Amino acid sequence: MPELYELINIEGRGDFAMPYTPAIRITGGSPLYLAGVTAAPVYHSHPHVAAEFDGIPLDPVEQAEMAVDNLEAVLGAAGCDLSHLVEVTRYIRDIDSNQDALNRVMGRRMGEHRPASTTVEVTRLATDPRLLFELKAVAVAP
């Protein structure tokens, strides 16, 4: 795969002790803007029908896995994968209870890749009050 982006480090540091990189410069390809995904089915009714979300587990690890599955599905439909991500905004309900689960899942699923990211604590997500995470992303498509 040709280089599509360049990681920008502060003071020339080559190590990434953090779960994200400070900045990424797109050097090839095209930006791909993804709508937010959760553990809910990517395609669900609008206005929302609560019963469509009854099968979503309340466990944060399971919800994080499902949200990343949905993120991968959308990326895959555009010919991309998690390594094409250049930015992720993570909306999390109750950071103290749920952030560690999302960090573990994303760290395992993304391996050494570190997109730029921002984490925001929210009181609830618009889709359904049982949801714990929403991931909004930008990728660079070849």
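Laboratory data are not the source of any read-out in this text; all were calculated from the coordinates shown. Quantities reported herein were computed from a predicted structural model and do not represent experimental measurements. Because the Cβ atoms are built from the backbone with ideal geometry, glycine has one as well, and the counts that use them run over all protein chains shown.
If you wrap the chain in the convex hull of its Cα atoms and look at it from every side, the mean projected area works out to 8.8 nm². Here the chain is assigned +1 on the Cβ of each Lys and Arg and -1 on the Cβ of each Asp and Glu. Its dipole about the Cα centre then comes out at about 240 debye. Counting Cα-Cα pairs of segment 82-142 in 5 Å increments starting at 0 gives whole-percent bin shares of 4, 18, 26, 25, 16, 9, 2, 0.
Looking at the chain, identify the longest residue range that excludes and avoids all trypsin sites (Lys or Arg not before Pro) in DSSP loops having at most 14 other Cβ atoms within 10 Å. Between the exposed loop sites, the longest stretch runs 14-123. Need the full-extension length gain, S83 to D54, defined as separation in residues times 0.36 nm minus the C-alpha distance. One decimal, nm. That works out to 7.3 nm of additional length. Using C-alpha pairs under 8 Å with a sequence gap of at least 6, the mean separation divided by the residue count of the chain gives a relative contact order of 37 percent. A helix-only calculation puts the chain at -8000 deg cm²/dmol for mean residue ellipticity at 222 nm, using -39500 (n - 2.57) for each DSSP H run of at least four residues, averaged over all residues. Projecting each Cα onto the charge dipole of segment 5-141 (Lys/Arg +1, Asp/Glu -1 at the beta carbon, about the Cα centre), which of L58, G29, G79 comes out farthest on the positive side? With unit charges placed on the Cβ atoms, the residue in question is G29. Among the chymotrypsin sites (Phe, Trp or Tyr not before Pro) within segment 32-81, those in coil by DSSP and having at most 14 neighbouring Cβ atoms inside 10 Å are Y43. Can you list which of the GluC sites (Glu not before Pro) found in segment 69-142 are DSSP loop residues with at most 13 other C-beta atoms within 10 Å? Sparse-neighbourhood loop GluC sites (Glu not before Pro): E112.
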